[in-house]
Every structure is written in C-alpha cells, then in structure tokens.
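The values are calculated or read from the model by the stated rules, or taken from the named source; none is laboratory data. If you're wondering where the values come from, they're calculated on a predicted model, not measured in any experiment. When we count neighbours, we look across all protein chains shown, and the Cβ atoms used for this are built from the backbone with ideal geometry, even at glycine. Each accessible area value is taken on the protein alone, full model and side chains, heavy atoms only, with ligands, DNA and RNA left out. Shrake-Rupley method; radii C 1.70, N 1.55, O 1.52, S 1.80 Å.
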Amino acid sequence: MEENASARTNTGVDTNKHHPHNPPSARPVPDPEPTGSSVDPDAAAPKPKRGGHLYQIDFVRLVTFAAVILDHVILGLISATAVVAGGVGLLCRYTRYSFFALTGFVQTYQYRDRELKPVDYWRRRYKLIGLPFLVWSLFYWGYTRYRRGGIDALTDIFNSWSSIGTALKSITYDLITGHAFYHMYFMSVSMQIYLVFPAVLWVLKRTWGYHRYLLAISFAFHAWLIWRMMLPPLEFFQSGLPGKLWSHLTITLLPYQFFILAGCVAAMHLEAFQAFMIRWRVHLIAAGLVVVGITLWWYNTAYHEGRGNVMHGTEFDRMFRATNVFSIYNIAAFIAIIVILYCLGTIWQQRRTKGSLADTFMAKAADRSYGIYLAHALALAELMRFLREHPDGPLWPKIIITYIVTCALTVFVVEVLRRSPISLITTGRSTIDWREQNEVRSAAVAVGAIVLGIVLRYGFEMVVGQLITGTGLLLLVSAAVVGYKRRRAALEEGATV
C-alpha cells in the first residue's frame, strides 16, 4: 500500500487502476473532480466518480490555444520570404494534432472505467458542442458576406426563391464541412469523433494487450495518407465521389485518426503512461528539442533548395509546402512538441498550489477555452482589416502587438458572452449565475467599451471599433438583466418576510 501511495504521489494517478480488467472491488474510490478537454465546454464541470482532474491537460490545452492564435496571426501577416516567421508558424501547426489527441485522451479517460450509453453520450456532446458550432457557423456565414458586400449582400439573399435556395445550399455546405470560417473545420471533425467514439471505446476495451499493434497500423496509414496528400491524387481519386472525398480530406477525421487513437490509448493506459512520462521527461524533452531542431534545419534547407516535397517553384509555393501541416517531414516535430508539453504539464501538475493565482488562471482558461477558440478568428479578422490598410512597419513588432491585442479582445468578447443570456449557445456553458455578477461594474465596463469602440471606429477608422462597441452593448444588456433579477429577488424576499 505504501508503494502504491508513493506512486500516486509521483504520477498524480492511482497505480491500482492499471487496466480495465481490474475487478471493481480492487479499485479505490476515485476523486470527484474530472479532467478537462481541448475545447470541450463540459470539461471542468464537476462529475462524481470519474477520476481525478488531470491538471497537466489544462497546461497543454492553454499553451495549445495560445499557439493556435499565434499561428493565425503569423499566417495573416508574413510574406513568403519571411523564413524565420515561417519556421515559428510551422512549429505552431502542432496545434491541429494536439487538439485531436486531447479530445481522444479526455473522452477515453472519462469513460474507460464506466459504461458509455451512445444515445445519452451523443445527446450531451452535440448539445454542448453542436449548438455553439451551429450559431457561430451561421454568424460567420453572414459575417463573411457582410464584409464582402455590406448589408446589401445579406438583404439580396431574399430577392428571389432562387437566391434563398442558393443561400441555404451554401449554409448547409458550411455546416457539413466546417467551412463557414477557416477555423471551424475543427468542430466539424470533433463532431465526427464524437460520432465514432463509442465504437472506438468498445474496440479498445476488447483489444487489451493489442493496443500497440493498433497504433502501429494507425500510424502506418497516417504516414501513407499525408504523403499522398502532398502529391497529385491517384487516378481513382481524381473524379466522382472519391474525388470529392479526396478534395475534402482535411475536414474528415482520416488525416487525424492516429493522434485521436494515440490520445485514446494513452488514457486507457494512463497510469503506466503517466509514470513513463514523469520518469523519462528530462530525456523526452531533450530528445524532442533535438527533433524540433532537425525539423527546422530541414525546413530551411527544403525552402531554399527545394528538397523533399518542396518543389522548385515560387517563394509562396515553397513556403506553403515546407510548412504544411500534412508534410511527412514535419510530423516528427509535431509529435515531439506534444510530448514536450505533456512532460511540462506533469511538472505543473506536481507543483501547482491550489487556489493560487496561476491555479485560478488555469481554471478560468479551461472554462473559457471553447468560446476563445470560436471567437478568436473574429477578433483577428477585425484587426487584420486595419493592418492590411497599413502594411508598413517591422514584422515582428507587428506580430507581437497584433497577438497581444487579439488575445485581449478575444478574452473580452468571451467574458461578455459568459455573462450574457446567450452564453450556452455561444460558449457551450450556462450563463454565469447572476448572483456572482456585479451589474454596476459590468455597466461601467460596457460604457467604457462603447466609447472606446466609437472612438476607434470614427476617430481612427478602425473597423475593429464596431466589434468593441457591439460587445459593450451586449454587456450593457446583460448588466440590465442582472439588475432586474436582483431587484426582483429583493422584492420577492421582502414580500416573503
């Protein structure tokens, strides 16, 4: 017992729960606090009897969200000749695979030791994930058309039945593919994962002892697929339904299945996996940094000399292929970065102080993560309109300032949404209880935001001012709702007395 207690202290998990074939009587009572998810709005809600909270996942998720915003900022600002910025962006592309690995990890961890009822599972997943996906997809669909042609581009939709039909077809396509905006594909793939996850879990529970072979087969298919994705498609995939599938591979779970399965298997063997990562983390971090360094060297060589699948073409073509998220030459670095972050996460898990500023920050980040992912593209798009009109200036200061402002603006939007009546359908979480809100402070912040937005929009011709003003108006409405509820509660309490 002392050995098991020591192991739990070192790894953060109970070594008695080493695989699902342990009889229930042999398992200790699990901690009531669950783990988080990559962008899962249900991640931090307390659920009894699901195992302890995995704080290392909070760390990996936070860094991954920060990296995906940085990647999008770099993509919006760099030229094809900005080799250093391209290298930073390349490393940030790990985020795509990390998100899917986290999704598989967290879902498996929550259900590995208990029954999963598919219908109940789907109902909960699609309510908390699907509703915000639907709302934001419709918003981005309308936003894109408004930015292209103003209000007329939206009103013209209703000019005829034909235009209405075309609009409905476009909306349906965007909902299926996640193409309403460039980052929405992730939620489309996530819902595919939720669809097949009950079957995946069923297979994993019945193939205990063979998971390494499943992973080997999965990786072999992954390597072949992404190699082929950087080449002209085979004749079979050049037309018809196979051609459609091939052209839309990036929004299916096929190019990501290895990382999803790897996350699932790691969670199934969490105790052994965690112990290994902690015992060897110094070596793993060092090896990972070497892999990252070799990848950057290859990227630089490939870009300048046209090596590998980086053809001798225009600078844009070479940059695109050298930094491509589906390049077989970059995949080792993506795996290495995920491993490094998990190792660093175990350090945070072991050294965190409950109730500290950092601990509170991590908890809030987990709560807001889904909303931040959905909203950050809007904040960045509004900023980019101004930056494209002012292209001059040194690159890196512009990247850093844009990144900081994008993060600040995104957090402001999400904080307002979390306090608004539309929180559930935009962030996947219920509105923060009105008893915990300060309507006077919210109203003051709202007025300040409205004034700032108007000044930016009409004083400096920055379109982003409209977003700030609109968000301030929503906060003002939310403050009024809170004030009304507080006043009504006071009247009811007085009547009762």
>> The conditions are (1) over 14 Å from the mean Cα position of the chain (by Cα); (2) part of a helix (DSSP H, G or I), and LEU116 fails exactly one of them. Which is it?
In response: (2)
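Is there a residue in region 394-401 that is β-branched (Val, Ile, Thr) and touching a Gly at 6+ places or on another chain (Cβ under 6 Å)?
Scanning region 394-401, I find no residue that is β-branched (Val, Ile, Thr) and touching a Gly at 6+ places or on another chain (Cβ under 6 Å), so the answer is no.
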>> Looking at region 438-461, can you tell me whether even one residue there is touching a residue at least 60 places away in the same chain (Cβ under 8 Å), open to solvent by less than 50 Å² (accessible area, probe 1.4 Å) and closer than 24 Å to SER369 by Cα?
In response: no
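In this structure, is THR35 at pLDDT below 90, within 22 Å of LEU341 (Cβ to Cβ), of a type outside the set (A, V, I, L, M) and not in a helix (DSSP H, G or I)?
Yes: the conditions hold for THR35.
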> Residues of region 186-208 being open to solvent by 30 Å² or more (accessible area, probe 1.4 Å) and either within 16 Å of PHE99 (Cα to Cα) or part of a helix (DSSP H, G or I) (or both), which ones?
Replying inline: MET191, GLN192, LEU195, VAL196, ALA199, VAL200, TRP202, VAL203, LYS205, ARG206
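The rows are residues; the columns are (1) small (Gly, Ala, Ser); (2) out of contact with any Lys or Arg (no Cβ under 6 Å at 6 or more places or on another chain).
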{"position": "ARG419", "(1), (2)": "no, yes"}
{"position": "GLY428", "(1), (2)": "yes, yes"}
{"position": "ILE432", "(1), (2)": "no, no"}
{"position": "GLY448", "(1), (2)": "yes, yes"}
> Which pairs have Cβ atoms under 6 Å, sit 6 or more apart or on different chains, and link a residue in region 154-178 that is at positive phi to one that is open to solvent by less than 40 Å² (accessible area, probe 1.4 Å) and among the hydroxyl-bearing types (Ser, Thr, Tyr)?
Replying inline: GLY178/TYR185; GLY178/SER188
>> What's the total number of residues in region 156-177 that are surrounded by fewer than 10 Cβ atoms within 10 Å (Cβ to Cβ) and of a type outside the set (Gly, Ala, Ser)?
In response: 2
> Where in region 209-288 are there helices (runs of 4 or more DSSP H), lying fully within it, with 1 or more residues that are more than 21 Å from VAL325 (Cα to Cα) and free of Cβ contacts under 8 Å to residues at least 24 places away in the same chain?
Replying inline: 211-229, 240-247, 270-279
>> Regarding region 264-278, can at least one residue be identified that is open to solvent by less than 20 Å² (accessible area, probe 1.4 Å) and of a type in the set (D, E, K, R)?
In response: yes
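Residue under question is LEU424, and the condition is that it be open to solvent by less than 60 Å² (accessible area, probe 1.4 Å), modelled with pLDDT of 95 or more and outside any loop (DSSP other than H, G, I, E, B); does it hold?
Working: open to solvent by less than 60 Å² (accessible area, probe 1.4 Å): yes; modelled with pLDDT of 95 or more: no; outside any loop (DSSP other than H, G, I, E, B): yes.
Judged against the criteria, LEU424 is not a match.
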